[in-house]
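Below you'll find the structure, written out as structure tokens, and then a few comments.
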Amino acid sequence: MGTLVFMDSITHEILIWKHIQTERVDDYKYLLVELLNLGYTILSVTIDGKRGVNSVFKDYPVQMCHFHQKRIIQRYITLHPKLEASQELKKIMTRLKYSDENRFTKALDIWYIKYKSFLDEITIHPDSQKSSYTHKKLVAAYRSIRNNLPYLFTYKNYKKLNLSNTTNLIEGGVFSPLKILIKIHRGLSKSLKLKIV
């Protein structure tokens, strides 16, 4: 059980929310339509990286949360990667905030060219005779960055909108206090927890 929240990043006002069982793209579509029906004007959106959500907001400038992108990469290559290619990819990610789209893309392209044959290595599994990438987590990390690249620098490309490059405002300002409150009252039933939220 969770809560999906849309918040105004300027006024810090929670505009609309919905309790959900699992995070689905349809829930984002529903809240977007509801928000528009209430007469709100959307200037931009900062998302946490849920697959498919960027397509819901295709008519608006979309910023991918840098913190969530870094966590996705960390999940694939770990906090202390052993492979040289992973270490270098991690270094590129640490420069995300300080880079612009062209420099970051160039660094990523250089990294990819350097490690392309390494990334393309295939392992054939003796039991099933099926093949997969030898370094599939590193490949997945690279693909995640590449797929989200159009949304990583929106905040710099639309400076007048004063977009945040993270969802920290809602994560730390709304969800953290709620999680603490629910943890304190962990013996409550689901329905009472929902009332707290």
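The residues in region 91-145 that are assigned to a loop (DSSP other than H, G, I, E, B), over 25 Å from GLY49 (Cα atoms) and among the charged types (D, E, K, R) can be counted, and the count is 4.
Would you please name the residue that is surrounded by the most Cβ atoms within 10 Å (Cβ to Cβ), looking only at residues in region 51-68 that are assigned to a loop (DSSP other than H, G, I, E, B) and among the aromatic types (Phe, Trp, Tyr)? Among them, the one singled out is PHE57. The residues of region 149-168 that are closer than 18 Å to MET93 by Cα and buried (at least 18 other Cβ atoms within 10 Å of the Cβ), listed by number, are TYR151, LEU152, PHE153, THR154, TYR155, ASN165, THR166, THR167. Only one of (1) surrounded by 13 or more Cβ atoms within 10 Å (Cβ to Cβ); (2) free of Cβ contacts under 8 Å to residues at least 60 places away in the same chain is not met by THR46, so which one is it? The one condition THR46 does not meet is (2).
Among the residues of region 39-53, those identified as more than 10 Å from the chain's Cα centre (by Cα) and farther than 14 Å from ARG24 by Cβ are GLY39, TYR40, THR41, ILE42, LEU43, SER44, VAL45.
Among LEU4, LEU79, LEU35, which is under 19 Å from the mean Cα position of the chain (by Cα) and either assigned to a helix (DSSP H, G or I) or at pLDDT 95 or above (or both)? Give the steps one after another, and end with the answer.
Values: LEU4 fails: either assigned to a helix (DSSP H, G or I) or at pLDDT 95 or above (or both); LEU35 fails: under 19 Å from the mean Cα position of the chain (by Cα).
The match here is LEU79.
The values are calculated or read from the model by the stated rules, or taken from the named source; none is laboratory data. Since we're looking at a predicted model, the values are computed, not measured. Cβ coordinates were reconstructed from backbone atoms using ideal geometry, including for glycine residues, and neighbour counts include every protein chain displayed.
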